[in-house]
Amino acid sequence: MNRHIYLIFALIFFGCLPVLTYSQAVWTVSSADAAKKNPVPANDKSVNSGKSLYNAQCKSCHGDPGKGNGLPLVPKPQDPTSDIIQKNSDGALLYKISNGRGAMPRFKDVIKDEDKWNIINYIRSLKKGKTASSETSVPDAIIQSFEGKVELAFRFVDSTKTIIVKAVNPKEGVLIPVPGLGITVFAKRYFRDLKLNADALITNADGEVEVDFPGSLPGDSIGNVLLLARVTEGVSDSVAVSAQIGWGKPFVYINPRSERSLWNSTWMAPWWLLLSYFGVVIGVWGTIFYIVLEVGKLKKIGSQQAS
Amino acid sequence: MNQTLNQEDSKNTLRKIEDDLIRPLRNHKGFELWILFLLLMFIIGGYAYIIQLKDGLGVTGLRDYVSWGLYISNFVFFVAASLIGMLISSVLGLLKIKWITPISRIAEMIALAFAMWAGLVIIIDMGRPDRFPYVLLHARLQSPILWDVTVVTTYVAISTLLLVLPLIPDASILKRRMTDAPKWQQFIYTMVSSGWIASPEQYAIIRKSMRILAILIVPVALAIHTVTSWLFASTLRPGWDTTIFGPYFVTGAFVAGVAAVIIGMYFFRVNYRLANYITDFHFNRMGQLLVLVSLVYFYFNINEFLVPAYKMKTMDVHHLHGLFAGKHAVMFWSVQLFGLIIPLILLIFRPFRKPLPIMVISIFVIIGAWLKRYLIVVPAQEHTFLPIQNVPENFMVYQPTAVEIMLTLLPIAGVLLIITIIAKLFPVIPIWEIAHEKGVDESILK
Amino acid sequence: MEENNNSRRDFLKKLGIVVGVGAVATAGAVYVGYDYEKKKNPAGKMVKVLTADGKLMEVPEEDLIQAEMEAETQLTALTNRGREGIAGKSWVMVIDLSKCRNARMCMAACQGAHQLRPEQHHINVLRMQDTEKTAPYFMPKPCYHCDNPPCVKVCPVDATFKRQDGIVLIDNERCIGCRFCIAGCPYSARIFQWFEPRDVEKYADKEYDIELNVPQKKGTISKCLFSADRCREGELPYCVSACPNGVYYFGDMNEDVVVNGTTKEAMRFSELIRKNAGYTVHEELGTKPRVYYLPPKNRLFDYVPENPEQGEQNDTHHG
């Protein structure tokens, strides 16, 4: 029993630590501000616009909505789906976005009010039970978790350079499309793979998603790019498939050290430099040796004439 | 001067010249004291170098921003002073100017001594002197340092020949006269005289070789200081990034070199009692030469400072402000006034070209020349494109330390030592050339 | 005539000596080459071995005996591969000035990795103010690994060199300490080991890794290396991964992708530069830097120098 009390005390203490270290931990908003009504209707346009603003301005600290992967700052930037944020009134959210606090910047003059309302509409759209609307915000594009085995396959449309990834469930020799899975397509790169779609695409009724290949993306010497598709939402196992496609910009590697230059190694110096250096050195030192040989003659003349 | 004396007069005249010029070689009054003094400078410098080798270049005032200081200034000064051999013995010689005969060897001695030590001064500045052979083993032809090493070596070689060739007939005379000298000294005379018998063929060889060398040394000497200027001008730093650095350095070197020769002339005239050979006339002429080269140098100074000061580019402003009115202002204006402008004006008047006044003026000029090298090397590094931050205070300003100053004594002593030794072994004025001018029969100059 | 003949004979004699010496030298060289060829293709059998960097190679059996040379050959292997660089790569860094808050984690990580003293910076976060009226900002300054590197041009001994993947490295076993490169670099990116380096005893037994420039050596140059050792392992540089504010992007220009060191997110290099008006510093000097900056606009924080007074003094002390 005693131990439990200590534990509770400890929990309370550590729980309050951020509050103690940050004296203005309670973020009060005046009732007038909190009562402000949102004049922008929460339609798809507003939500989408709010989403891209969120990704550009908020995500670096607050993280991906629902994943709780915000930066570990004090006070912690909260997840927008969390109650802590959601329980604020629209007006309170506007005030907090506008004025900031601590590490949270003031967006008053950075984001115009209409856009702030868009962000708030987006935040509201994340409320538990609701899901993020994405580019493919068709009614059936809702992530559904799937229990069975999932396989992915690539299909390529050359004419439009479109990548199609199909998710199927192989069942007794029949491939049944799996809708509602979040899929991300990557291009293989050295340090980290490049996402070709910003947010997970949700498979449609055919179990398919479409991604446009970025035409200017460099491939190998003949333009081959290694693609990777991965189910990022909807299944618990990691499901991925990779394929190579020759749509990339052919990249021909030229070793910069193969060119003669002043910064290269000595034998890769420009010809004019090598020729003038050795020309001058040989010329001058040749003359010096000639003089030395001439002086050597003096002695011979001396001994010859003396005898 | 060109009339030939008869056999008897020839002999007497030669005898007189020999007596006058060889006498100082036998007179050792104060010599040991002088050598002791030089040795002391050597020991102080050597001690400083041991400290530097042990603890690293950190014992200097140099840091990451001003990373070239006194040592590099010394190097540039030494290269500058060595240029004079070329001017006196070669350019004036090729122009058939007669009065240089008695001072050409003094000029060559100074040139050789400074050039040899210039190469060693640069080693003092190296962080890893043990790796000096790498400069040849792993040479990169694109680096101005390699060009500098090449051209300094070449210049030393040619200067040595230009000094040794006219010594050959003199060494033959010395071999005959200095029979009481120690064995090793006589051996040196025998070696240097290389079988000299004053035959017409031998004269032909000597004269031809000297003419070739006199021509050859002009581009090499210009190169030695131009390439040294490129160590700075090849960088992008404000204050160094200028196209006139080559000629600016060369003309500055002439000023320093002429002053050095005048000081040398005065010293030998007084100490070696050569007033009959190095006369007021020679000082007068050298004074006129100093006026000429100073005027040219003054002209380059105007170009170097007025042009950027007119434009006031952002990066030049800091540099120029530091020189004109900032922390280097006192040194800058002192150097310009006392090292260039006032000497220039004074020397226009004949009385100031008398031996003593011109010698004093030359001392000012040469100190000014040395400080000028410091002003070229150091302030430009204090003004970087990006601010100097997050480093201790001593990274931002350069102040030479005691070790650097002590170590500077080493090459100075070295230069003086080389001059002393040559001047003790051989006459500072070429006997045979003077005798030839006086009309002495060539065939007895042996 | 007689004399002329003499001198010609003399000349021929000298020529003879020169030719003779040359012939002996050539013969020697040919023999050594022959000997080497013979060793390369002996009648004996070849053995497969794994090198230190994981390559399978065939070696004549007799060469395997030289086991005591191992340390030395490995050393040269490290230096050789370090000088070679990684083929096909072209490293590039992007620094987003709008995010830099002067946290200095990059500096600390760098100094820890490269055996530097607190006042020695491979990367240095500067407090900048371009003119009196323009906004101050923080600017991390690594080496720019220029494509026309003024420092490499002037090195007399090939101690600093540019590899095929764009990184400008230092070989502190070659450096003679002339400091011409310090004079040559307009960005003050280079430092010199004026004294014994930090913790010199601790690193004494370490093998020299040219890609890390550790152990550091007294009397030689050091500088930012783009963490060449980490690049080889597919890891982001020390400074890049240490940044808490997402300031740094690092990647391969040939792949057109850079990765943010904080979020580890990959993005198109060209797009990042285009959308944010990326630029290089003092590009008028023609150095072609490999480090790009994104301008300090729309900053999400207030610029506060950690020590305003010192910042003031240093900013006006423009070098």
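The values are calculated or read from the model by the stated rules, or taken from the named source; none is laboratory data. Please read all numbers here as calculations on a predicted model, not as lab measurements. No Cβ is skipped: glycine too gets one built from the backbone with ideal geometry, and neighbour counts run over all protein chains shown. All accessible areas refer to the heavy atoms of the entire protein, side chains included, with ligands and DNA or RNA removed. Shrake-Rupley method; radii C 1.70, N 1.55, O 1.52, S 1.80 Å.
The helix-based estimate of mean residue ellipticity at 222 nm for the protein assembly as shown, built from -39,500 (n - 2.57) per DSSP H run of four or more residues and divided by its residue count, is -15500 deg cm²/dmol to the nearest 500. The residues neighbouring residue C:170, those whose beta-carbon lies less than 9 Å from its own, together hold a net charge of +2 under the Lys/Arg +1, Asp/Glu -1 convention.
With no solvent and one equal point scatterer placed on each C-alpha of the protein assembly as shown, evaluate the Debye formula and give log10 I(q)/I(0) for q = 0.04, 0.05, 0.09 Å⁻¹, two decimals. One equal scatterer on each Cα of the protein assembly as shown leads to -0.33, -0.48, -1.13.
Applying the Karplus relation 6.51 cos²θ - 1.76 cosθ + 1.60 with θ = phi - 60° to the range B:376-383 yields 3J(HN,Hα) values of 7, 7, 7, x, 4, 7, 6, 10 Hz, where x marks Gly and Pro.
Legend: residues B:372, B:311, sorted from most to least accessible area (1.4 Å probe; ligands, DNA and RNA excluded), read B:311, B:372. The reciprocal of the average 1/r between distinct C-alpha atoms defines the Kirkwood hydrodynamic radius, which for chain A equals 25.9 Å. Put a dot 7 Å past the Cα of residue C:265, heading toward its Cβ, do the same for residue B:437, and the two dots end up 8.6 nm apart.
Got the relative contact order for the range B:7-444 handy, in percent, Cα pairs under 8 Å and 6 or more residues apart?
34
Calculate the dipole size of the range B:7-444 relative to its Cα centre from +1 charges on Lys and Arg beta carbons and -1 charges on Asp and Glu beta carbons; express the result in debye to the nearest 20.
Dipole magnitude for the range B:7-444 comes out near 620 debye.
Can you sort A:117, B:333, B:34 by 1.4 Å-probe accessible area, starting with the largest?
Correct descending sequence by accessible area is B:333, B:34, A:117.
For the chain pair B and C, the buried solvent-accessible surface (1.4 Å probe, both sides summed) amounts to about 4400 Å². Shown for the range A:145-245: the carbon plus sulfur share of the solvent-accessible area, taken with all protein chains present and a 1.4 angstrom probe, equals 49%. Subtracting the Cα-Cα distance of residue B:37 and residue B:191 from 0.36 nm times their residue separation leaves 52.4 nm of extension gain.
Taking the Cα centre of chain A as the origin, how large is its charge dipole in debye, to the nearest 20, when only Lys and Arg (+1) and Asp and Glu (-1) carry charge on their Cβ atoms?
Charge dipole, chain A, about its Cα centre: 1180 debye, nearest 20.
Subtracting the Cα-Cα distance of residue B:184 and residue B:360 from 0.36 nm times their residue separation leaves 59.6 nm of extension gain. The label point for residue B:288 and the one for residue B:270, both projected 7 Å from the Cα toward the Cβ, are 2.6 nm apart. Just going by the charge dipole of the protein assembly as shown, with Lys and Arg at +1 and Asp and Glu at -1 on Cβ, which of B:68, B:57, B:274 is farthest out on the positive end? Going by the Cα projections, it comes out as B:274. Every Cα-Cα pair of chain B was included, and the share exceeding 35 Å stands at 33 percent. Annotation for residue C:302 and residue A:32: the two label points, set 7 Å from Cα along the Cα-Cβ direction, are 2.3 nm apart. For the range A:221-307, the share of alpha carbon pairs falling in successive 5 Å distance bins from zero is 3, 10, 8, 7, 7, 7, 7, 6, 6, 6, 5, 5, 4, 4, 3, 3, 3, 2, 2, 1, 1, 0, 0 percent.
Converting phi to 3J(HN,Hα) with the Karplus coefficients 6.51, -1.76 and 1.60 and the offset θ = phi - 60°, the range C:201-211 yields 5, 4, 9, 4, 8, 5, 6, 6, 9, 5, 7 Hz in sequence order, with x at every glycine or proline.
Here residue B:207 and residue B:9 are evaluated by their C-beta separation; at R0 = 30 Å the FRET efficiency comes out at 0.80.
So, for the protein assembly as shown, what is the accessible surface per residue at a probe of 1.4 Å, expressed in square angstrom? Intermediate values should be presented prior to the final figure.
Working: 49710 Å² over 1072 residues.
Here the residues of the protein assembly as shown average 46 Å² of exposed surface.
In terms of the mean number of neighbouring beta-carbon atoms within 10 Å, the peptides B:263-270, B:278-285, C:234-241 order highest first as C:234-241, B:263-270, B:278-285. Each Lys or Arg adds one and each Asp or Glu subtracts one; over the other residues with Cβ under 13 Å from the Cβ of residue B:283, this totals +4. Rounded to the nearest 20 debye, the dipole magnitude of the range B:1-79 is 120 debye, with +1 charges on Lys and Arg beta carbons, -1 on Asp and Glu beta carbons, and the Cα centre as origin. The range A:265-307 and the range B:413-436 have Cα centres lying 27 Å from one another. Computed from the C-beta positions of residue A:106 and residue B:402 and an R0 of 45 Å, the FRET efficiency is 0.20 to the nearest 0.05.
Counting Cβ atoms of other protein chains within 10 Å of each Cβ in B:223-234 and taking the mean gives 1.
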